[in-house]
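Accompanying notes for the structure given below.
Readers should treat all values here as calculations from the given coordinates under stated rules, not as data from a laboratory. Note that the structure is predicted; figures quoted are calculated from it, not measured. No Cβ is skipped: glycine too gets one built from the backbone with ideal geometry, and neighbour counts run over all protein chains shown.
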Amino acid sequence: MKLYYTPGACSLAPHIVAREAGLNIDLVKVDLSKHLTETGENFRAINPKGYVPAVTLKDGSLLTEAAAIIQYVADQKPDAGLAPANGTTERYRLIEWLTFISSEIHKGFGPLWNPATPDSVKTSTKERLATRFAYLDETLAKQPFLMGETFTIADAYLFTVVNWTNFHAIDISSFKNLSAFMGRVASRPKVQEALVAEGLKQAA
């Protein structure tokens, strides 16, 4: 499986999941500002959407969108326990979390990435994110991970996007349970491997 990624982008989520599942992946770094892969390929010719993540499957086809990719990756190694079985109520609970993360957290950061966004809009964006963080904080007061006691793909996705607070000077220390969650996930060996592989931290 080939994963097209940009360091620290939402492609970090499937990268983490693949490592947690014990799957072999070929990483291809993408410069999104130039739309070129590290080998000089036109990324838009590979993925017309123009953004990461994207993975090539066994049949040579391309799969995009983080929430879809991490489910696909988890289903390749069901014994890893990263996602409940398809058709179960728990699987739909997982999809519920993935949808929330995608629409309310991932996309919620959108205006902050645009240098042209007015300060007033950035302020209101951060305020909306804070209400979502508060909800997550309440959930994580009761359990270590989003689905309960077990780390799942939803946690990899949440960790990836909440980590963007570091790029936008958003202090989440007041959300003590969410902050503890971030530390808990960051300390996982496979997460550390992914962060090192993407150049986001130095090897110990």
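General observations
- Filtered by the rule that a residue be hydroxyl-bearing (Ser, Thr, Tyr) and loosely packed, with under 14 Cβ neighbours inside 10 Å, segment 118-134 gives 120, 123, 124, 131.
- Residue match in segment 18-35 (condition: under 13 Å from the mean Cα position of the chain (by Cα) and of a type in the set (A, V, I, L, M, F, W, C)): yes
- Looking only at segment 147-162, and only at residues there that are on the phi < 0 side of the Ramachandran plot and not in a helix (DSSP H, G or I), the one that is nearest to the chain's Cα centre (by Cα): 152
Residue-by-condition table, conditions (1) without any contact (Cβ under 8 Å) to a residue 40 or more places away in the chain; (2) in a loop (DSSP other than H, G, I, E, B):
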| residue | (1), (2) |
| --- | --- |
| 164 | no, no |
| 171 | yes, yes |
| 180 | no, no |
| 185 | yes, no |
| 192 | yes, no |
| 196 | yes, no |
| 202 | yes, yes |
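- Residue satisfying all of: in segment 1-58; charged (D, E, K, R) and assigned to a helix (DSSP H, G or I); nearest to residue 107 (Cα to Cα) among these: 44
- Within segment 67-102, the residues that satisfy the criterion of being outside any helix (DSSP H, G or I) and surrounded by fewer than 15 Cβ atoms within 10 Å (Cβ to Cβ) are 81, 85, 86, 87, 88.
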